[in-house]
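Student: Structure incoming, see below.
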Amino acid sequence: MNIFLGYFLWGLILAVPLYFIAWRLRLGRFVPMWLRPARSRPLQLPPQLDALLIRGQRRFGQTEPRR
């Protein structure tokens, strides 16, 4: 158990600064789209779900007038 905790702590000590540097330099833009997590990809909705509530704003279709 001591060996596991030692490796775990050293992993955190090394991973946090590397993640911060990658985040600051925005190195994520060089990652291909298929490798990115699903939440960072733009959401494409089918046309049937045109007036769906997303992030607190109602989306309207091209033919439906805004109120």
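The values are calculated or read from the model by the stated rules, or taken from the named source; none is laboratory data. None of the values given here were measured: they were computed from a predicted structure. Backbone-built Cβ (ideal geometry, glycine too); neighbour counts: all protein chains shown.
Student: With (1) surrounded by 10 or more Cβ atoms within 10 Å (Cβ to Cβ); (2) at pLDDT below 70 as the list, and R36 as the residue in question, which single condition is left unmet?
Tutor: Result: R36 passes all but (2).
Student: Could you tell me which of the residues F20, F4 is surrounded by 10 or more Cβ atoms within 10 Å (Cβ to Cβ), at pLDDT 75 or above and either of a type outside the set (G, A, S) or in a helix (DSSP H, G or I) (or both)?
Tutor: On the way: F4 fails: surrounded by 10 or more Cβ atoms within 10 Å (Cβ to Cβ).
None of the other options fit; the residue is F20.
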